[in-house]
Amino acid sequence: MNAEPLWTNSTAALATGGTACGAWAATGVAIDSRAIAPGDLYVALRGPHFDGHDFVTSALAQGAAAAMVRQISPQVADTAPLLMVPDTMGGLEKLAVAARARSTAKTIAVTGSVGKTGTKDALAFVLSRQGETAASVGNLNNHIGVPLSLARLPVSAKFAVFELGMNHPGEISPLARMVRPDVAIITTVTSAHLEFFADEAAIADEKATIMDGLTEDGTIILSRDNAHFDRLAEYAKSRGIRNIVSFGTHHLADIQLIASEMEYGVNEVVALFDGRKLAYRLGMPGRHSALNSLAVLAAVVAVGGDLAAAAAAMIDVLPPKGRGRMSEVEVGTASITVIDDSYNASPAAVRAALATLAMMVPDGKGRLIAVLGDMLELGVNAPALHAELAEAVNGQDINLVFTCGPLMRHLHDALPPGRRGGHKPDSASLIPLLRENLRSGDIVMVKGSLGSRMGLIVQDLTGETA
């Protein structure tokens with residue numbers, strides 16, 4: 001809990017232009033009445049299937065300091081601590097803008113087709129060792145999550161890290177203008193969300209709009225390896241952005257990855273940082289993780305942080321649940337390793353996951369096994385994009401691929417017979433087939449879009465709950 005209130009009745013009223021009822025002080029902000037922490041300001045949002053005003057009494061009973069409301073429900077006591085505003089979503093956005101305006105924190109915004117949450121979390125972790133750091137929780141990266149995260153920004157924070165996401169055109173720019181980052185990162189641009197964009201270049205143009213909110217003299221950090229680097233750099237120049245920092249394996253990258261090797265479960269990374277050799281150990285596996293760690297270090301330097309301290313802290317940066325976390329488990333009589341990468345998937349993310357799996361060395365007679373579910377939101381080219389993954393599988397030392405879902409059927413059919421573990425219509429029906437084919441020493445990587453419910457397979461293998 002913060003030493004001083006995040007919002008009081010007077011500061012919140014001033015920020016929103018609302019009217020406060022009663023004297024109160026809030027130490028947090030929440031929009032879900034089921035997840036109220038004592039001292040939260042509960043914001044009663046109205047959605048397509050619910051109205052937060054129906055839960056004001058419950059939120060206050062659970063310890064909310066006050067509730068931001070558009071109207072007073074009959075069941076709410078006359079003496080209840082409230083903040084009356086014309087529109088609660090608008091009130092939340094005004095809180096966000098006010099929080100950013102009063103903050104002196106060096107602020108970083110992260111977007112990208114893949115890797116943004118892991119990059120945001122890594123940044124928050126290494127910066128937290130150098131000063132008080134605020135960050136968006138989980139993937140609160142949309143038109144509700146970003147203002148909510150900003151509204152939670154403590155005045156005392158030295159650093160702040162926010163993730164910006166999108167599904168449709170026009171979503172990132174208003175979020176970036178709200179966050180007003182000192183540093184922005186675009187991890188990469190790939191064919192995620194093609195269902196809502198004409199092509200990959202259109203996705204790059206949308207990601208580029210994160211620069212619309214950069215503060216004067218701000219820094220944009222871009223992947224030099226990405227096919228759209230020149231397009232993104234040109235956008236930066238058109239906006240008068242002078243500080244363009246690149247990272248990647250490209251020989252012209254400002255921060256160049258030289259090596260990424262797994263040794264005893266640790267990612268040993270060697271890079272050239274402005275021509276100087278930098279070696280460090282990373283707790284997250286995979287070449288893609290090593291590349292994103294370069295963006296993290298670039299951002300640390302851009303906000304005035306300590307590069308050596310940040311690099312040393314990288315060993316303790318571990319993947320969150322569903323994003324590459326590894327577990328040693330017993331399945332029947334087999335002792336196996338499960339790589340839980342089940343949170344989401346795109347063609348680039350699956351290729352990166354396959355490359356990470358190929359870096360592993362199984363014990364004894366163990367094999368490298370990929371378990372893949374459908375990648376969603378890929379539009380009319382989805383069948384071909386799934387089938388094309390066969391090239392990535394065949395280019396790696398991966399022994400078996402189990403697939404599920406109507407789209408992954410195209411990959412299954414494109415694979416050589418010797419690499420086909422089996423195919424089922426959904427994740428639940430794939431579990432028995434996968435179980436009966438496991439043996440000790442196997443390393444099993446599970447990945448798919450969230451809607452493919454690949455987490456069910458992870459839960460079955462590891463015994464963990466959702």
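If I filter region 427-437 for residues that are of a type outside the set (S, T, N, Q) and either part of a loop (DSSP other than H, G, I, E, B) or touching a Pro at 6+ places or on another chain (Cβ under 9 Å) (or both), do I get at least one hit? Talk me through it step by step, then tell me what you get.
First, the residues of region 427-437 that are of a type outside the set (S, T, N, Q): 428, 430-436.
Filter again for either part of a loop (DSSP other than H, G, I, E, B) or touching a Pro at 6+ places or on another chain (Cβ under 9 Å) (or both), leaving none.
No: zero hits.
Kindly provide the set of residues from region 363-377 that are at pLDDT below 90 and closer than 20 Å to Cys404 by Cα, ordered by number.
Scanning region 363-377 gives a single hit, Glu377.
Give the residue, chosen from Ala382, Ala349, Ala392, that is of a type in the set (A, V, I, L, M), touching a Pro at 6+ places or on another chain (Cβ under 9 Å) and either part of a helix (DSSP H, G or I) or touching a residue at least 24 places away in the same chain (Cβ under 8 Å) (or both). Spell out how you get there, then give the answer.
Working: Ala382 fails: touching a Pro at 6+ places or on another chain (Cβ under 9 Å); Ala349 fails: touching a Pro at 6+ places or on another chain (Cβ under 9 Å).
Every option except Ala392 fails the conditions.
Let me spell it out: the conditions are (1) open to solvent by 30 Å² or more (accessible area, probe 1.4 Å); (2) in contact with a Cys (Cβ under 8 Å, 6 or more places away or on another chain); (3) not aliphatic (A, V, I, L, M), and Gly373 meets all of them except one. Which number is the exception?
Failing condition for Gly373: (1).
Would you check which residues across region 273-315 are of a type in the set (Gly, Ala, Ser), in contact with a Ser or Thr (Cβ under 7 Å, 6 or more places away or on another chain) and either part of a strand (DSSP E or B) or surrounded by fewer than 20 Cβ atoms within 10 Å (Cβ to Cβ) (or both) and list them? Spell out the reasoning first.
Residues of region 273-315 of a type in the set (Gly, Ala, Ser): 275, 279, 283, 286, 289-290, 293, 295, 298-299, 302, 304-305, 308-313.
Going one step further and asking which of them are in contact with a Ser or Thr (Cβ under 7 Å, 6 or more places away or on another chain), we end up with 286, 290, 295, 302.
Within region 273-315, none qualify.
Quick one: Ala253 ticks every box in (1) touching a residue at least 12 places away in the same chain (Cβ under 8 Å); (2) open to solvent by 40 Å² or more (accessible area, probe 1.4 Å); (3) over 27 Å from Arg177 (Cβ atoms) bar one, so which box is it?
Ala253 satisfies all of (1) touching a residue at least 12 places away in the same chain (Cβ under 8 Å); (2) open to solvent by 40 Å² or more (accessible area, probe 1.4 Å); (3) over 27 Å from Arg177 (Cβ atoms) except (2).
With the requirement that a residue be crowded, with 22+ Cβ neighbours inside 10 Å and of a type in the set (Asp, Glu), what does region 434-466 give you?
Scanning region 434-466 gives a single hit, Asp442.
Listed residues Ala176, Ala160, Ala233; which is among the small types (Gly, Ala, Ser), assigned to a helix (DSSP H, G or I) and in contact (Cβ under 8 Å) with a residue 40 or more places away in the chain?
Details: Ala160 fails: assigned to a helix (DSSP H, G or I); Ala233 fails: in contact (Cβ under 8 Å) with a residue 40 or more places away in the chain.
Within the list Ala176, Ala160, Ala233, the selection yields Ala176.
Conditions tested, residue by residue: (1) open to solvent by 20 Å² or more (accessible area, probe 1.4 Å); (2) among the aliphatic types (A, V, I, L, M); (3) touching a His at 6+ places or on another chain (Cβ under 6 Å).
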{"residue": "Ile398", "(1), (2), (3)": "no, yes, no"}
{"residue": "Thr403", "(1), (2), (3)": "no, no, yes"}
{"residue": "Lys424", "(1), (2), (3)": "yes, no, no"}
{"residue": "Pro432", "(1), (2), (3)": "yes, no, no"}
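If you go through region 158-177, how many residues are of a type outside the set (Asp, Glu), at pLDDT 95 or above and under 19 Å from Gly138 (Cα atoms)?
8
Is there a residue in region 189-196 that is of a type in the set (Gly, Ala, Ser) and at pLDDT 95 or above?
no
Those residues that are among the hydrophobic types (A, V, I, L, M, F, W, C) and assigned to a loop (DSSP other than H, G, I, E, B), I need them from region 242-272; list them, please.
Pass one, region 242-272, residues among the hydrophobic types (A, V, I, L, M, F, W, C): 244-245, 247, 252-253, 255, 257-259, 262, 266, 269-272.
Across region 242-272, the qualifying residues are Leu252, Ala253.
Residues in region 330-346 that are in contact with a Ser or Thr (Cβ under 8 Å, 6 or more places away or on another chain), open to solvent by 10 Å² or more (accessible area, probe 1.4 Å) and either free of Cβ contacts under 8 Å to residues at least 12 places away in the same chain or over 20 Å from Asp426 (Cα atoms) (or both): how many?
Residues that pass the stated criteria total 3.
Would you check which residues across region 34-59 are hydrophobic (A, V, I, L, M, F, W, C) and open to solvent by 40 Å² or more (accessible area, probe 1.4 Å) and list them? Write out each step before concluding.
Initial filter on region 34-59 (hydrophobic (A, V, I, L, M, F, W, C)): 35-37, 41, 43-45, 50, 55-56, 59.
If the condition is that a residue be hydrophobic (A, V, I, L, M, F, W, C) and open to solvent by 40 Å² or more (accessible area, probe 1.4 Å), then Ala35, Ala37, Phe50, Phe55 are the ones that fit.
Wholly within region 65-140, which strands (runs of 3 or more DSSP E) include no fewer than the required count, namely at least 1 residues that are among the basic types (Lys, Arg), surrounded by fewer than 24 Cβ atoms within 10 Å (Cβ to Cβ) and under 21 Å from the mean Cα position of the chain (by Cα)? Give the derivation first.
Numbers: elements: 66-69, 82-84, 106-111, 133-135.
Hits in region 65-140: 106-111.
For region 405-422, give me each residue that is free of Cβ contacts under 8 Å to residues at least 12 places away in the same chain and surrounded by 15 or more Cβ atoms within 10 Å (Cβ to Cβ). Break it down stepwise before answering.
Here is the first cut: in region 405-422, the residues free of Cβ contacts under 8 Å to residues at least 12 places away in the same chain are 412, 417-418.
Hit for region 405-422 is His412, nothing else.
Looking only at residues that are buried (at least 22 other Cβ atoms within 10 Å of the Cβ) and in contact with a Pro (Cβ under 9 Å, 6 or more places away or on another chain) in region 179-198, which one is farthest from Met68 (Cα to Cα)?
My answer is Thr190.
Tell me, which strands (runs of 3 or more DSSP E) lie completely within region 6-61 with 1 or more residues that are over 22 Å from Gln75 (Cβ atoms) and within 31 Å of the chain's Cα centre (by Cα)?
Values: elements: 19-21, 28-30, 40-43.
In region 6-61, the matching strands (runs of 3 or more DSSP E) lie at 28-30.
Does Thr215 qualify as being over 26 Å from Gly28 (Cβ atoms) and in a loop (DSSP other than H, G, I, E, B)? Outline the logic, then answer.
Details: over 26 Å from Gly28 (Cβ atoms): yes; in a loop (DSSP other than H, G, I, E, B): yes.
For Thr215, the condition - over 26 Å from Gly28 (Cβ atoms) and in a loop (DSSP other than H, G, I, E, B) - is met.
How about region 352-379: which of its residues are in contact with a helix residue (DSSP H, G or I) (Cβ under 9 Å, 6 or more places away or on another chain) and part of a helix (DSSP H, G or I)? Please lay out each step first, then the result.
At the first step, the residues of region 352-379 found to be in contact with a helix residue (DSSP H, G or I) (Cβ under 9 Å, 6 or more places away or on another chain) are 352-356, 359, 368-379.
Hits for region 352-379 are Ala352, Ala353, Leu354, Ala355, Thr356, Gly379.
The values are calculated or read from the model by the stated rules, or taken from the named source; none is laboratory data. Just so you know, these numbers come straight off a predicted model, no measurement behind them. In this analysis, Cβ positions are derived from the backbone assuming ideal geometry, glycine residues included, and neighbour counts consider all displayed protein chains. For accessibility, only protein heavy atoms count, side chains too; no ligands or nucleic acids. Shrake-Rupley method; radii C 1.70, N 1.55, O 1.52, S 1.80 Å.
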